[in-house]
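Shown next, in structure tokens, is the structure this report addresses.
The values are calculated or read from the model by the stated rules, or taken from the named source; none is laboratory data. The structure displayed is predicted, hence computed values, not measured ones. Cβ atoms come from the backbone with ideal geometry, glycine included; neighbour counts cover every protein chain shown.
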Ligand code: NZQ
Ligand code: ZN
């Protein structure tokens, strides 16, 4: 077991109609002039944006709005947001939407609180020393960005998708009303469930220190999301299932399932980020498309964990060698992905990279991780290329 710090400063306000509390929460955390930041229109269509701005007006909180955060959010909009915040003397950013709007808000927050080019942080050139306070009204259970220390931004020039993590950007509050996720397309619900499970699995498949309590939390979380993802496919308006998945999304990426280990593997995420950058695929679907190939490439180096996963999460009852059980677990996970209409290879994801594109992704991925990375198995550029090739 490794030593650890656990820091989750986000006040969670969970339940039906909780979005009406947004003005009180902004005041509680010292905001007086707010940037309301959102995505490409779902919150306009659903009426949520209007409801939020009405609440702000009733509470005499000044605000400006900026929409347009696309999935795999762009650096150019971040620059626009920084200028707007400076011009309008904004002191608080409210993200209304999913991971993309939240991550874009975090990047804007860094850009306002620090001198120089905000991309430097995502390019690993320097570290931020602050961030404007962020609040969130969440509309999709997926990334956990509502409690996480991460944000992921795509620089359009060169299609470079990179993440930056620091405690400064952890949201001050997160309003989570499961009903707000009922307007999601089925595909996005499934992508979200996949991402939630992957955030837990990235931390589970390690060779560096483990705790029984952490494993139990992780396995329980995985079983819960697996069960409720299937329920939501048939009953998208099932409040209990929406709520289970929504809370799981936050717990999967607020650090809880990583306590006591080396921080996790994270190579599936790094491999996906290149896909998201180059082909603009949905993050969860990209993860599902490469996970099986990654798992078969690394499982022998992390056999105990893959066997435990097969038995405790995928409910494998067959007897056999450790390797056979591990492989049955991987196959069962892929079967689960297929059952919720997630792809398990690049073709099913809808992309057909050329040999040169596979090499380019492997190269960018290796550069992005500083040469090599991974805890289940340490991977270099050659390994990354082999996994991409296996996932075609
Ligand atoms: O653009 P809008 O209008 O928001 O529509 C979105 C978008 O089209 C739509 N949507 C969201 N809530 C909805 C809805 N449509 C109808 N009803 C609702 N209630 O769904 C689509 C996906 O939204 P997005 O915010 O892009 O999804 P997600 O939350 O999965 O975020 C993905 C981004 O987060 C990054 C990903 O790489 C990707 O760029 N990640 C961020 C992390 C973090 N900050 O901790 C960790 C993750 O591993 C991930 O990398
Ligand atoms: Zn993710």
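Of the set (1) assigned to a loop (DSSP other than H, G, I, E, B); (2) over 27 Å from residue 237 (Cα atoms); (3) within 16 Å of ligand 2 (Cβ to nearest atom), all apply to residue 151 but (1).
Picking from residues in the range 66-90 that are surrounded by fewer than 17 Cβ atoms within 10 Å (Cβ to Cβ) and not in a helix (DSSP H, G or I), the one that is farthest from the chain's Cα centre (by Cα) is 89. Of all residues being closer than 26 Å to residue 273 by Cα and surrounded by fewer than 20 Cβ atoms within 10 Å (Cβ to Cβ) in the range 163-182, which is nearest to ligand 1 (Cβ to nearest atom)? Just the residue, please. Taking the candidates together, the pick is 163.
Given the condition more than 16 Å from ligand 2 (Cβ to nearest atom), farther than 22 Å from residue 99 by Cβ and either modelled with pLDDT of 95 or more or surrounded by 14 or more Cβ atoms within 10 Å (Cβ to Cβ) (or both), answer yes or no: does some residue in the range 36-48 qualify? There is no residue in the range 36-48 that is more than 16 Å from ligand 2 (Cβ to nearest atom), farther than 22 Å from residue 99 by Cβ and either modelled with pLDDT of 95 or more or surrounded by 14 or more Cβ atoms within 10 Å (Cβ to Cβ) (or both). With respect to the conditions (1) within 25 Å of residue 166 (Cα to Cα); (2) away from ligand 2 (no atom under 13 Å from the Cβ), residue 283 lacks only one, and its number is (2). In summary, residue 56 fulfils each of the numbered conditions (1) part of a loop (DSSP other than H, G, I, E, B); (2) surrounded by 14 or more Cβ atoms within 10 Å (Cβ to Cβ) with the single exception of condition (1). Given (1) surrounded by fewer than 16 Cβ atoms within 10 Å (Cβ to Cβ); (2) farther than 30 Å from residue 252 by Cα; (3) without any contact (Cβ under 8 Å) to a residue 40 or more places away in the chain, where does residue 24 come up short, assuming only one miss? Every condition holds for residue 24 apart from (2). Mind listing whichever residues of the range 150-159 are touching a strand residue (DSSP E or B) at 6+ places or on another chain (Cβ under 7 Å) and touching a residue at least 60 places away in the same chain (Cβ under 8 Å)? Within the range 150-159, 150, 152, 153, 154, 156 meet the criteria.
When the range 302-332 is limited to residues that are touching a helix residue (DSSP H, G or I) at 6+ places or on another chain (Cβ under 6 Å) and in contact (Cβ under 8 Å) with a residue 60 or more places away in the chain, the one that is farthest from residue 225 (Cα to Cα) turns out to be 306.
Checking each residue in the range 337-352 for being in contact with a helix residue (DSSP H, G or I) (Cβ under 6 Å, 6 or more places away or on another chain) and part of a helix (DSSP H, G or I) picks out 337, 346, 349. Looking across the range 314-332, the residues that are buried (at least 17 other Cβ atoms within 10 Å of the Cβ) and within 20 Å of residue 375 (Cα to Cα) come down to 326, 327, 329, 330. Screening the range 106-123 for residues that are assigned to a loop (DSSP other than H, G, I, E, B) and in contact (Cβ under 8 Å) with a residue 24 or more places away in the chain and picking the one that is surrounded by the most Cβ atoms within 10 Å (Cβ to Cβ) gives 118. Going through (1) modelled with pLDDT under 95; (2) in contact with a helix residue (DSSP H, G or I) (Cβ under 6 Å, 6 or more places away or on another chain) one by one, residue 95 falls short only on (1).
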